1. Regarding the chain, what whole-number volume in Å³ per residue does the convex hull of its Cα atoms give?
2. Counting only heavy atoms of the protein chains, get the accessible area per residue of the chain (1.4 Å probe) and round it to a whole Å² value.
3. Give me the log10 of I(q) over I(0) for segment 23-92 at q = 0.11, 0.13, 0.20, 0.27 Å⁻¹, as the Debye formula computes it from C-alpha points; what are the numbers?
4. Length gain on complete extension for the stretch R48 to I165, per 0.36 nm per residue less the alpha carbon to alpha carbon distance?
5. Based on the Cα gyration tensor of segment 125-172, what are the three equivalent ellipsoid semi-axes, each the root of five times an eigenvalue, rounded to whole Å and given largest first?
6. Kindly provide the helix-only [θ] at 222 nm of the chain, computed as the sum of -39,500 (n - 2.57) over DSSP H runs of four or more divided by all residues, to the nearest 500 deg cm²/dmol?
7. Treat each spin label as a single point 7 Å out from the Cα along the C-beta direction, and report the L177 to L95 distance in nm.
8. What nm value, rounded to one decimal, do you get for the distance between H211 and A71 when each label is placed 7 Å out toward the C-beta?
Amino acid sequence: MKGVFTVLALILKLTISFFAVMNPLGNIPIFITLTNDYSIQERRHSARKAVIISFIILTLFLLLGSFIFSAFGITIHAFRVAGGILIFGIAYSLLHAKPSNAQSPHSHEQKAAASQNDISITPLALPIMAGPGTIATVMSHSSYSIATLGSVLISYTLILGVTFILFYYSTSIINKLGQNGLNVISRLMGLILAVMAIQMIAEGVHGLFPHL
C-alpha cells in the first residue's frame, strides 16, 4: 500500500512539473495563431497529429534519450540552443506579419507545400510541446525502474490529453476573439515566443559554457 501511495505522489509531482513546462494554457494563443486560416477539421487534425507526435517523441526520449544523445555526441544544452533558434524564427515571422505555414492552401501546389511544412510537426510538436524543457524533464526522471518509467509516461500523457482538449475547442475561442483580436494576439505571441527563444538559447549557452 505504501508503494502505491509513493507512485501516486510521484505521478502528481510529475504531472504538475509537466504542466508547468509544457504550459498547455499558454500554448492556446500560439496554436490559434498558427492555424488562423485553417478549417475546423484541419485545426482539429493538426491538434491530434501534434499531440500524437509529441507523445512519440517524449516516449522515445524516455526510453532511449541517453543513448540517442551519447550516440550523436550532443547535450540537452545544445538542444536548447537549436530549439531556441527555431522558435525565434517563428516569432520573427509573427511579429512582422509574414505569411506563415498556417495559411490555408487553395491550389495543388500550395497543398503540397503545406504538407512539407506541417505545423503539427514543427513548431507545435517540436519544439513547443515536446521541447528541450519537456525532454529534459523526461530524461531527468527516467530510470530503469518500471514504476518510475510508468509514472513519467502517465504524467506527460495526461498533460498531452489536456492540451488536445484545449486545442480541439480552440475554434470557439477564435470566434469570440474575431480577426482583430487574433491579429493582436499574433503580435503578442510573436513577442512572447521571441522572449522564450532568447531564454532557451541563454540557458543552453550557459550550460555549454558554464564559466561565462
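1. Values: hull volume 28.7 nm³, N = 212.
Here the figure is 135 Å³ per residue.
2. 54
3. Here the Debye-derived log intensity ratios amount to -0.39, -0.54, -1.04, -1.21.
4. 41.2 nm
5. Value: 25, 13, 5 Å, ordered largest first.
6. Working: 8 runs with 166 residues, N = 212.
Mean residue ellipticity at 222 nm (helix-derived): -27000 deg cm²/dmol.
7. Placing both labels 7 Å along Cα→Cβ, they lie 1.9 nm apart.
8. Each label point is offset 7 Å from its Cα along the Cβ direction, giving 3.3 nm.
The values are calculated or read from the model by the stated rules, or taken from the named source; none is laboratory data. Quick caveat, the model's predicted, so the values are computed rather than measured. Neighbour counts are summed over all protein chains in view; Cβ atoms, including those assigned to glycine, are modelled from backbone coordinates with ideal geometry. Side chains are part of the model used for accessible areas, which takes the heavy atoms of the whole protein and leaves out ligands, DNA and RNA. Shrake-Rupley method; radii C 1.70, N 1.55, O 1.52, S 1.80 Å.
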